[in-house]
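Remarks on the structure that follows.
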Amino acid sequence: MGVKKLSRQDRIKKSIRMKISGTSERPRLSVYRSNTAVYAQLIDDSKSTTIVASYSKETAIKGNNVEAATAVGKMLAEKAIAAGISKVVFDRNGYLYHGKIKAIAEGAREGGLVF
């Protein structure tokens, strides 16, 4: 019986989560990328609740690409502004900041979120 070795992404994710957390005034924008879709949600860590969520299959753009990720970011920003949230903390969830992750962030910024 040995100690389970964490993957590189899990180690990065753990160190990021030690530094940031979301509050009701400034929730955490967490992103997740699967093989078929891109997900983003605003989380209030003090209450352990998801405030707003959006994913790529809700958008008019089909596929799992950068354009769909940008649309997810814009849609999430619209929902957040409607819920009265304008400032967030970005959690890249251990992913490198490029491609779809960067597209979600830029789409959210275009939609009016500040981070």
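The values are calculated or read from the model by the stated rules, or taken from the named source; none is laboratory data. Everything quoted here is computed from the prediction, not taken from an experiment. As a convention, Cβ positions derive from the backbone with ideal geometry for all residues, glycine included, and neighbour counts pool all protein chains shown. With ligands, DNA and RNA removed, areas are computed over all heavy atoms of the protein, side chains included. Shrake-Rupley method; radii C 1.70, N 1.55, O 1.52, S 1.80 Å.
Annotation: ARG11 carries an accessible surface of approximately 130 Å², with a 1.4 Å probe and no ligand, DNA or RNA atoms counted. Per residue of the chain, the DSSP helices (runs of n ≥ 4 H) give a summed -39500 (n - 2.57) that works out to -11500 deg cm²/dmol at 222 nm.
Quick check for the range 31-96: number of Lys pairs with alpha-carbon distance under 17 Å, counting only pairs 8 or more apart or on different chains?
Numbers: LYS57/LYS74; LYS57/LYS79; LYS62/LYS74; LYS74/LYS87; LYS79/LYS87.
So the count of such lysine pairs works out to 5.
Amide H contacts of VAL38: SER56, LYS57, each under 5 Å away and 5 or more positions distant or on a separate chain (H built 1.01 Å from N in the peptide plane; Pro and chain starts excluded).
Comparing mean-square fluctuations of LYS19, LYS100, LYS47 from a GNM of the chain with C-alpha springs under 10 Å, the top value falls on LYS19. Largest mean-square fluctuation among SER15, SER34, SER24, in a Gaussian network model of the chain whose springs join Cα atoms under 10 Å apart, belongs to SER34. Please compute the contact order of the chain in relative form: average sequence separation of alpha-carbon pairs under 8 Å and at least six residues apart, divided by the residue count, as a percent. Rounded, it is 27 percent for the chain. Given +1 at the Cβ of Lys and Arg, -1 at the Cβ of Asp and Glu and no other charges, the dipole of the chain around its Cα centre is 600 debye to the nearest 20. Residues whose amide H comes within less than 5 Å of that of VAL89, counting only those at least five positions distant or on another chain, are ARG28, LEU29 (H built at 1.01 Å from N in the peptide plane).
Show ARG17, ARG28 ordered by accessible area, largest first, where the area counts protein heavy atoms only and the probe is 1.4 Å.
Working: ARG17 85, ARG28 20 Å².
I get ARG17, ARG28, largest accessible area first.
Comparing mean-square fluctuations of ALA77, ALA60, ALA105 from a GNM of the chain with C-alpha springs under 10 Å, the top value falls on ALA60. For the chain, what does the alpha-carbon gyration tensor say about shape, rounded, prolate or oblate, given a ≥ b ≥ c as the root eigenvalues, a/c under 1.5 as rounded, and a/b over b/c as prolate? Here the chain falls in the oblate category. Whole-Hz Karplus values for the range 95-103 come out as 7, 5, 7, 6, x, 5, 5, 5, 5 Hz, taken residue by residue from phi with 6.51 cos²θ - 1.76 cosθ + 1.60 and θ = phi - 60°; glycine and proline positions read x.
Under the combined filter of DSSP loop state and at most 15 neighbouring Cβ atoms within 10 Å, the range 1-73 retains these GluC sites (Glu not before Pro): GLU25.
Taking all protein chains as shown and a probe of 1.4 angstrom, TYR39 keeps an accessible surface of around 80 Å².
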